[in-house]
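A quick write-up on the structure given underneath.
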Amino acid sequence: MFAGFWTDWLWYRSVKYSSVFTTTLWTKIGLFAVFGLLMAAAVGVNIWLAHRLRPPLSAMSLEQQSLDRYRMGIAPYKKWVLLGITALVGLIAGASASGQWRTWLMWVNGVSFGQKDPQFHMDVKFYAFDLPWYRFMLGFGFAAVVLALIAAALTHYLYGGLRVTSPGARATGAATGHLSVLLGLFVSLKAVAYWLDRYGLAVKASDFKATGNWTGLRYVDANAYLPAKTILFCIAAICAVLFFATLWRRTWQLPVIGFGLMVLSAILIGGLYPAIVQKFQVQPNEQAKEAPYIEKNIDATRAAYGIDDADVTDYSGKGAPDQKSQQREAADSAASYRLVDPNVVSPAFQQLQQERKYYQFPDTLDVDRYLGPDKKPQDTVIGLRELNITGIPKRNWINDHFTYTHGYGAIASKGTGTVTDENDGTIGAPDFTESGLPTTGQLGKYEQRIYYGEKTQQYSIVGGPQKELDYEKNGEKTTSYKGKSGVDLSSPVNRAAYAVAFSEPQMLYSGAIGEGSRILYNRTPKERVEAVAPWLTIDGDAYPAVVDGKIKWIVDAYTTTNGYPYASRTTLGDTTADSLTNNQRAVVAQQNQVNYIRNSVKATVDAYDGSVNLYQWDTEDPVLKTWMKAFPNTVKPKSDIDPELRAHLRYPQDMFKVQRELLTRYHVTDAAQFYSGSDAWQVPDDPTNKDSSAVPPYYLSLKMPGQSAQKFSLTTTFTPNGRPNLGAFMAVDADATSKDYGTIRVLRVTSTVQGPQQVQSELNGVPEVAEFVRNLRGTDSDIEYGNLLTVPLGGGFLYIEPVYARGGSANYPLLKKIAVSYGGKPVFKDSLSEALNAVFGVDGAEPPPETQPPGDDDTTTPPATGDAALKKAIADAQKAYTDGEAALAKQDWVAYGKAQEALQDALARAAEAETSTETPAKPPAGGSDDSS
């Protein structure tokens, strides 16, 4: 216990958040002491009082005399028994109360929301911060009274105050009065519970067929449960008075009758009456009865999740078929089409830029914006070359924790294109803008060593006598950590504490640890932010950015509550799951049920020195203000965010996924339509993934209808509930430097338009795709689809999907084809420009085949016929076969596909020519009589 406590204190002090540790610790100790003592006192005083009120031995019955041996056995140890019982219940109660430190801090520091619930007109603060604490106090009170009642009754029985089998009075007057007071306290607490239950109806979760998960009052709650709770409160209060009256009346008759009345009332008024109202008043006309409450739920839910300002507009989705040329021209500026899918190209980064086996990249890379050569923001795919401990050539304690300690460098590539010139690398591979070891490129000079990262989960001991491997490039380079991060191990006490905490005795005597040695642990960005701000919920995707010469991990963090009245609840783990979710990218506190969420904090973690900074992002969030009061000086003001850092901040994915899930139902604001569910949407399954999991949102720079310039956005699609066609398109301005940051725009499709799965299915049926797949089979390669991007364009939707080939000698995905669909017309081409030309049928597309035969005055060379045609077709087939074999040897799939097309064309012409040479010519119609 001491080792754990001491190492925690050292760690918090090393990251300069010791106030979080001390505030949390003293709050837990205070709650443990206060409520432990209260519980011990409640039980102990009542045991002492029951013993004090015992009848004289001469008055005891034969039944009680049989308990003499127990009384005699306890007599010498009465004080110790009393102390033991009270200490035990006190420890249990104190430990339970210390777990309520968050509830206490929120109650003490609660800030007003400035919003009132529509039923009781109480500030939301009451439900979010006060009511949870009152419920805890009430629960503690019930526990204390029940334990005291049990302890007092046993003591009275042991010392003759209560009788079970003896004739005559069952209890002495003293015992009757004592127990009646305790029962009166219990019933009084029940009266308080009934009163609090009235307010609890505003945050009560229930199942409602119109919405599924419902929070707040419905018609039966407002018109049956609410008056029932008020009546039961009055009955319980009267019953409590009757129990207290036994101090004078010394009879249980009236309180027992009152208690029975309370139980009967709870069954009839609290259970049967609401059921009757629901059955005979609500169900026959449920839509009309529930309409006012549905409106309250819609308003509260939209406000609680920040979707009340979502701009929902109607959008045809069809496009104008007579404006192809204008649409083709607009397509060039409609979006920066991110052809490099960060969810697919990680193996390419791994094989081309891993450099050493002990390095690794995340399975899913990140999308960010960096200035290109033209000094304009360019969508960039980025990943860090982190340490992979399983790839160390020789595993032992020194290598694992002293020698191999860090990764090296950020690798970035263009997001909008791949290598197109084989002089620059393999065609179709990522076009790196930052690469090498050490890295060079557009990111400039920065500290490349990565001591803290998503994959760095083991501890390392650095800065001491043992040198660290820096990197291997034309020889082995070594280094010694110069940062201030970590905990100093020079002290024998610290070494011993960490040896115990990490179960590693070698720390005590290893010569590799000495002056200057520091231990680094809790090294993932999410771990560090969650530790210094345990009151935040952490986004599932921390992403790196090169800022001011350093690699910074950017972590989005949320403040949440489940106490927002009338707002429907959602489970974060379920809502944020999609086809990319894994343990690394899952939102922390997965099963948290919340009904209010704000992206209130932007956090950074330095990849070199591990320093953590929390920045206030939502300056109006009352939940954040409450925690800032509880933990002063831990969150920096928004104005402290460096402009270069702000350029890399973005709208968080998990927040967006929660909002899109709510918008599947809560884009409807009319109560009748909401009840019918006729316009409900759903998040479609990822069409590029075989698993039935939700499509992830995609970062993309695009222009929404009415915008004059591209905005870095986070986008998603909806389909009507139970239908595959497109229902809506949603985008949020994700650029933190934009004045429109966080603005949600939804295009509600008003006509029948193909949805993502339908587009994918249609693309799979394009003959060129089938041929492409067929050609890959002979090369041990597989087709791999990238993200299916959706872009509003010219009244319709443009779908763009990169298609990769993976396998052969280069076992990583190479971009080979681009699939594009617009207005139900899918095409499959070698480049984006070709595909756009083809889908819009403008200049540059493949010309249509010639249908008019040449005239008599035609000067073109007539096509070969007969034997000449056959010989030419055979020669063309031989050439196409030779070209295909050459392309196959070079792994050039584009050239190989073209050769296969030429080969099939030549074989078809050969077959046609051979038929024409064997079949006699048909005589012309209308000839002379002897033409036969």
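Residue check: residue 669 meets all listed conditions (1) crowded, with 18+ Cβ neighbours inside 10 Å; (2) not in a strand (DSSP E or B) but one, namely (1).
The requirement of being in a helix (DSSP H, G or I), within 41 Å of the chain's Cα centre (by Cα) and surrounded by fewer than 16 Cβ atoms within 10 Å (Cβ to Cβ) is satisfied by residue 26. Scanning segment 537-551 for residues that are in a loop (DSSP other than H, G, I, E, B) and in contact with a Phe, Trp or Tyr (Cβ under 9 Å, 6 or more places away or on another chain) returns 539, 542, 548, 549. Within segment 205-221, track down each residue that is among the small types (Gly, Ala, Ser) and crowded, with 17+ Cβ neighbours inside 10 Å. Those that are among the small types (Gly, Ala, Ser) and crowded, with 17+ Cβ neighbours inside 10 Å: 210, 216. Taken together, 381, 367 contain a single residue that is out of contact with any Leu (no Cβ under 6 Å at 6 or more places or on another chain) and not assigned by TED's automatic domain parsing to the domain that holds residue 715, which is 367. If only residues of segment 100-133 that are of a type outside the set (Val, Ile, Thr) and without any contact (Cβ under 8 Å) to a residue 60 or more places away in the chain are counted, the one that is farthest from residue 293 (Cα to Cα) is 107. Just so you know, in segment 427-480 the residues that are of a type in the set (Asp, Glu) and in a loop (DSSP other than H, G, I, E, B) include one that is farthest from residue 384 (Cα to Cα), and it is 447.
For residue 238, the conditions (1) modelled with pLDDT under 95; (2) touching a Phe, Trp or Tyr at 6+ places or on another chain (Cβ under 8 Å); (3) aliphatic (A, V, I, L, M); (4) surrounded by fewer than 21 Cβ atoms within 10 Å (Cβ to Cβ) are fulfilled apart from (2).
Of everything in segment 93-135, what is over 26 Å from residue 201 (Cα atoms) and exposed (fewer than 15 other Cβ atoms within 10 Å of the Cβ)? Give them in sequence order. Across segment 93-135, the qualifying residue is only 95. The strands (runs of 3 or more DSSP E) found entirely in segment 705-807 that carry 1 or more residues being more than 24 Å from the chain's Cα centre (by Cα) and among the β-branched types (Val, Ile, Thr) are 744-749, 781-785, 789-793, 796-807. From the set of residues in segment 320-345 that are over 30 Å from residue 751 (Cβ atoms) and crowded, with 21+ Cβ neighbours inside 10 Å, which is nearest to the chain's Cα centre (by Cα)? Here the answer is 342.
Residue by residue, here is whether (1) more than 30 Å from residue 123 (Cβ to Cβ); (2) in contact (Cβ under 8 Å) with a residue 40 or more places away in the chain; (3) outside any strand (DSSP E or B) holds:
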site: 522; (1), (2), (3): yes, yes, yes
site: 526; (1), (2), (3): yes, yes, yes
site: 531; (1), (2), (3): yes, yes, yes
site: 535; (1), (2), (3): no, yes, yes
site: 553; (1), (2), (3): yes, yes, no
site: 556; (1), (2), (3): no, yes, no
site: 559; (1), (2), (3): no, yes, no
site: 564; (1), (2), (3): no, yes, yes
site: 568; (1), (2), (3): no, yes, yes
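When residue 681 is tested against the conditions (1) under 25 Å from the mean Cα position of the chain (by Cα); (2) within 28 Å of residue 332 (Cβ to Cβ), the lone failure is (2). When every residue of segment 272-281 is checked against the conditions, at least one turns out to be over 30 Å from residue 299 (Cβ atoms) and out of contact with any Leu (no Cβ under 6 Å at 6 or more places or on another chain).
Take the residues in segment 403-422 that are of a type outside the set (Ser, Thr, Tyr) and out of contact with any Lys or Arg (no Cβ under 8 Å at 6 or more places or on another chain), then tell me which one is surrounded by the fewest Cβ atoms within 10 Å (Cβ to Cβ). Filtering first and then ranking leaves 421.
For segment 360-382, the set of residues classified as of a type outside the set (D, E, K, R), in a strand (DSSP E or B) and under 19 Å from residue 696 (Cα atoms) consists of 367, 380, 381, 382, listed by residue number.
May I ask you to verify whether residue 765 is on the phi > 0 side of the Ramachandran plot, surrounded by fewer than 20 Cβ atoms within 10 Å (Cβ to Cβ) and assigned by TED's automatic domain parsing to the domain that holds residue 793? No: the conditions fail for residue 765. Here is the figure for segment 333-359: residues that are part of a helix (DSSP H, G or I) and at positive phi total 0. When 298, 235 are screened for being over 30 Å from residue 673 (Cβ atoms), assigned to a helix (DSSP H, G or I), in contact with a helix residue (DSSP H, G or I) (Cβ under 7 Å, 6 or more places away or on another chain) and not aromatic (Phe, Trp, Tyr), only 235 passes.
Scanning segment 164-177 for residues that are over 17 Å from residue 244 (Cβ atoms) and at pLDDT 75 or above yields a total of 1. Restricting attention to segment 623-649 and to residues that are within 18 Å of residue 530 (Cα to Cα) and of a type in the set (A, V, I, L, M), the residue that is surrounded by the most Cβ atoms within 10 Å (Cβ to Cβ) turns out to be 623. Take segment 390-402 and flag every residue that is in contact (Cβ under 8 Å) with a residue 40 or more places away in the chain and surrounded by fewer than 19 Cβ atoms within 10 Å (Cβ to Cβ). Hits for segment 390-402 are 397, 398, 400.
The values are calculated or read from the model by the stated rules, or taken from the named source; none is laboratory data. Only a predicted model underlies this, so the values are computations on that prediction, with no experimental measurement involved. Please note: Cβ atoms are built from the backbone with ideal geometry, for glycine as well, and neighbour counts cover all protein chains shown.
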